[in-house]
Amino acid sequence: MKADIECFPELNHFFSSLQHYSNVNSLEWHPVTNQLLSSSTDRGIIVWSHKPEDNNKLRPNLCAVKELKSNLFASWNNRGDKFCVGGSSGHVFIGAYNEQLNFWVALS
């Protein structure tokens, strides 16, 4: 499910105030994993998840992306275990969760 974050300034302010330092360009929810994916002009990609033991509060999981410019768009794959990120430099990155590092990593 894709949402144009520009249409929801209150969401943009909400996510910016939590972890992003600049405008959020895209926000996508995956219905199977129930996780949110946000990308921002601050070059940040964050996977937002929640667990019942955390009282279902959104927990940000930062993703390492080597984009030198802003991230324009991020989208989940069908299974919700990977995502792609399009950067303003023209590069495309594929992100996945690294179990050994306990961290999301996106590589070109």
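Can you find, within the stretch 20-39, the residue that is nearest to the chain's Cα centre (by Cα) among those that are under 20 Å from Asn102 (Cβ atoms) and of a type in the set (S, T, N, Q)?
Only one residue fits best here, namely Ser38.
From Arg59, Arg43, grab the single residue that is of a type in the set (Lys, Arg) and either in contact (Cβ under 8 Å) with a residue 40 or more places away in the chain or surrounded by 15 or more Cβ atoms within 10 Å (Cβ to Cβ) (or both).
Arg43
Asp42 fails exactly one of the following numbered conditions: (1) closer than 19 Å to Arg79 by Cα; (2) at pLDDT 80 or above; (3) under 14 Å from the mean Cα position of the chain (by Cα). What is the number of that condition?
Every condition holds for Asp42 apart from (1).
Residue-by-condition table, conditions (1) polar (S, T, N, Q); (2) part of a strand (DSSP E or B):
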{"site": "Leu68", "(1), (2)": "no, no"}
{"site": "Asn78", "(1), (2)": "yes, no"}
{"site": "Ala96", "(1), (2)": "no, yes"}
{"site": "Leu101", "(1), (2)": "no, no"}
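What residue, among those in the stretch 62-108 that are over 13 Å from the mean Cα position of the chain (by Cα) and of a type in the set (A, V, I, L, M), is surrounded by the most Cβ atoms within 10 Å (Cβ to Cβ)?
Val92
The values are calculated or read from the model by the stated rules, or taken from the named source; none is laboratory data. If you're wondering where the values come from, they're calculated on a predicted model, not measured in any experiment. Quick reminder, even Gly has a Cβ in these numbers, built from the backbone with ideal geometry, and neighbours come from all protein chains shown.
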